[in-house]
Every structure is written in C-alpha cells, then in structure tokens.
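Report on the following structure.
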Amino acid sequence: MSPDSVTIRSSPLLIAASDASGRSKLITRRVAAAPRTHRTIGGVMAGSDSERSILILGGGVIGVAIAYHLALRGVKVTLVDRAGIASCASGKAGGFLARDWNDREPGLGALTRKSFDMHEEVAKKLGLASYRRLKCMSVQVDGSSSKPSGAKLKHLEWTDLGVRQSSSLGDESTIAQVHPRELVDAMWAFAEGQGSAYQQGVVERLEYAPDDGSGTRRVAGAVIDGIVVHADAVVMSMGPWGSVLEQAMGPMGVRILGIKYHSVLMRTGRILNEAVFFAGLGDPEVYPRNDGNTYVTGFPDPPRVVEELPGQVEVREAVCSRLVDTMKKVSSEMDGAEVAMKQSCYLPFTAQNMGTPCMGKVPKHENAYVATGHGCWGILNSLASGLAMSELILDGKATTVDLGPFDPQGFV
C-alpha cells in the first residue's frame, strides 16, 4: 500500500545544513549556538537567558498535547517526527471519549475523568467542530441478519438486524467524541503560533552529556538523521515505536508493543448519534461522527513489536471488507452505505502492564521524560497527560493528576 500523504510544516526556527554526504538537513539554531552556562529552573535545565530548550520526540496526540500545555506557559519546543503531525493513530483513531470507564483503576480513573472534562474546555477554546456529546449502547447480535420484534429495537437508533438484547453504556453526561486529527492539528497550531517548531526526521538515539560519575545521566539532546539536536530536556512520546526509549532504559526497562487496528468510514446519508459496542460477530465498535461519517473498527491483530514504519502502515483489504460486511449484518441502514475510507494504525501498549501508560521521568536520568503506552485511550487521556507532563517538566512535579501509578520506575 502507498503511504499516506503528509503536509510538512515549515518554521523559521529551523535552518538548513549539510552532513558529510552533502545531504540537506534541518537542524535547530541551538546546534550551532555557542556553549551556554546551565542552571536548573523547575524540572529542567535552562540557559542564562531563561529559555528552556525542550525536544519532543513524536508528533502524535501525546507529544502534541505536551507541546500545547508547554506553549500555554510560554515555552517553545522543537517537535520531531518521521512522518508528520498526527500521521499515525492520532490521525486515524475513532476519538471516542468515556468519562467513567476506567474508574476501577483509581490512578487511571482519575486521569481519565480529568482529561474527559478537559476535552470540552479545549474544544471550546480551540473551536473544534467535531467535538460533541452522544450516547453509547452495548448490543448483542447473532449474525442472523433477521429483524427482531420492535421491543428489542425500542432503544436503538440504527442497529436493527440480528439483535438479541441491548443495554446502555452511557449517555451525553459521560460519553463524548472528537475527531483526533482536528484536535491534534489545533493544538499544534497553537503551539506553533507561540514559537514551537516541527522538524521532520528519524530519531536514532539520545545524545548524552559526559558522565559525571553521579549515577544519573544527563541528556544533551537527540541524534536525528545523523545530526545532534541539542536540548535541555527530551520527551519521548513515540507511540508504539519504542526503540529509543528501550535504549535509554536498558534491557530491564519498559517494552513497548503495538496492536494493529483497521477501520473504515461509512456514510449512511444522515448523521447518527449513537455509538455501539457489539457483542458477537467479532465484537466490532462503531462511532458515528457529526460530519456524516460512521467510524467502524475491530478485529485487532495480536500485540507485537512494530516493524512497519510510521506513515507506511499496510492496510489489509480483507480486514476492511470484513468490517463492512459485518455492518451489513447488523444494520439495514449500513447495507447501502458508501465506504469513504479504509485505514489502519497501531495503538501503543506497555508489555508489562497493558492499558496502563508509562509517564514520568526516565529512571536514572536527570532531564529525560517519557509519555507513551496509552493504548486505546490515547485520545481520551491525552489532555490531562499533556498537562501533567508539562508540570513535571517545568515544575519538577505534576499537581493536576498523580503520575505515581504511571511512573516509569514501576515498569523496570
């Protein structure tokens, strides 16, 4: 399959250079800057001019949310991604938001509730047209494609074939939705407007300052396409591509896996207002959007170390066709729907604790941070994660939510 097209954002904070082979590179001005005397401000190192030089590795919703909240405090970043802003799962996910579905896990539940509430606030601030509240149903189906009695369909909006029973999973008070790409693009536009810069490139590894014998390592930046980009702090938020993080934490550290999901967008001719989690027929999930598209996903691959490159993830026709065929078995309205898009992406998980994100300062590092492994709740939990990480980076401690349950040390 051909890779997705990506719009690369330029910035006056980037300058052209060439390596030994003569290839053109983009590097920050700090690479050529004179050495500076460092001092500690909050959680990171900063120069005598009181500027904080922060490098964020990964242009998905988590990295961009961190950049957004840093920008709210007047801090610029350089954000690096191989394929572009929201080029992977953050541009292709469903954007389903549930306020109380993680309440059984206290740490994750608090993060989720805070982030859910923040979505409405940020949607208003950034003018997101795709944000809305809706209801959600659990529907058990048998695949018979027969239309049951009216009583079984009484509380269902568009599911009308093979229904055995249904129940509510939430209403407009606890369920919402946003288009992930609109959210990420809007947050990055704000950060860029405050002076942050995007750099396209392949992150090879972290660059370290000379060992001072303290047992704590200090990061001097990152090697991107063979060139060192210097920074006072580095944040790793590269989703399911975890090689750089694993190098930093060593063989006993966190291990990042990806689960591949396919999705299709179907157009029924009207805007639907009911998300559905099906039980049966492979348990697909359906999130209608307010632009007339209905997002259908399911049939995930097993967890694996991701080898496909960002922006070049294969879309398998067989899985997409199965999703479409399944919709025709549960809804007469879907039977004639146009298939507007077919896509796939990887959701990042930590191998040690699937579903629990890894967020905080990298163990035995003075100024390296990580935020990844959010799984299927990456869009939902992005805003509170971004806010908490910005507090940790600038102030040395997160106060909005407790990051203790997600401490990278707990994954070692």
Apportionment of accessible area to carbon and sulfur, the chain, percent (1.4 Å): 49 percent
Nearest-0.05 FRET efficiency for Ala279 and Ala340, computed from C-beta distance (R0 22 Å): 0.25
Burial order of peptide ranges 403-412, 386-395 (average beta-carbon count within 10 Å, highest first): 386-395, 403-412
Cα-centre dipole for the chain with unit charges at Cβ (Lys and Arg positive, Asp and Glu negative), debye to 20: 240 debye
Residue among Ser243, Val254, Ser90 farthest towards the positive dipole end of the chain, charges placed on Cβ: Ser90
Contour minus Cα-Cα distance for Ile271 and Glu51 (0.36 nm per residue): 74.4 nm
Percentage relative contact order, region 275-412, counting C-alpha pairs under 8 Å, at least six apart: 15 percent
Karplus 3J(HN,Hα) series, Hz, for region 395-412 with 6.51 cos²θ - 1.76 cosθ + 1.60 (x for Gly, Pro): 10, x, 7, 8, 10, 5, 9, 7, 8, x, x, 10, 4, x, 4, x, 9, 7
Whole-number percent relative contact order across the chain, with pairs defined as alpha carbons under 8 Å at least 6 apart: 23 percent
Glu246/Ser214 FRET efficiency (R0 25 Å; Cβ-Cβ; nearest 0.05): 0.60
Calculated [θ] (222 nm, deg cm²/dmol) that DSSP helices of n ≥ 4 give over the chain, each run adding -39,500 (n - 2.57): -7000 deg cm²/dmol
Gain in span if fully extended, Ser332 to Gln194, counting 0.36 nm per residue against the direct Cα distance: 44.8 nm
C-alpha center-to-center spacing [region 199-225, region 309-339] in angstrom: 43 Å
Quarter of the Cα convex hull surface for the chain, i.e. its orientation-mean projected area (nm²): 20.3 nm²
Cα→Cβ-extended label distance, 7 Å offset, between Thr399 and Leu126, nm: 2.4 nm
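Counting heavy atoms of the protein chains only and a 1.4 Å probe, report the per residue accessible area for region 214-355 as a whole number of Å².
About 39 Å² of surface per residue is accessible.
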For peptides 236-242, 142-148, 359-365, 298-304, sequence by mean Cβ density within 10 Å, most packed first: 236-242, 359-365, 298-304, 142-148
Cα→Cβ-extended label distance, 7 Å offset, between Arg133 and Ser173, nm: 0.9 nm
Nearby lysines by direct alpha-carbon distance to Lys92 (threshold 28 angstrom, same-chain neighbours under 8 apart not counted): Lys76, Lys114, Lys124, Lys125, Lys135, Lys260, Lys328, Lys329, Lys342
Contour excess over end-to-end distance, with Cα ends at Asn290 and Val223 and 0.36 nm allotted per residue: 19.9 nm
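The values are calculated or read from the model by the stated rules, or taken from the named source; none is laboratory data. What you are looking at is a predicted structure, and each value in this text was computed from that prediction instead of being measured. FYI the Cβ positions are ideal-geometry reconstructions off the backbone, even for glycines, and counts take in every protein chain you see. Accessible surface is based on the protein model in full, side chains and every heavy atom, while ligands, DNA and RNA are left aside. Shrake-Rupley method; radii C 1.70, N 1.55, O 1.52, S 1.80 Å.
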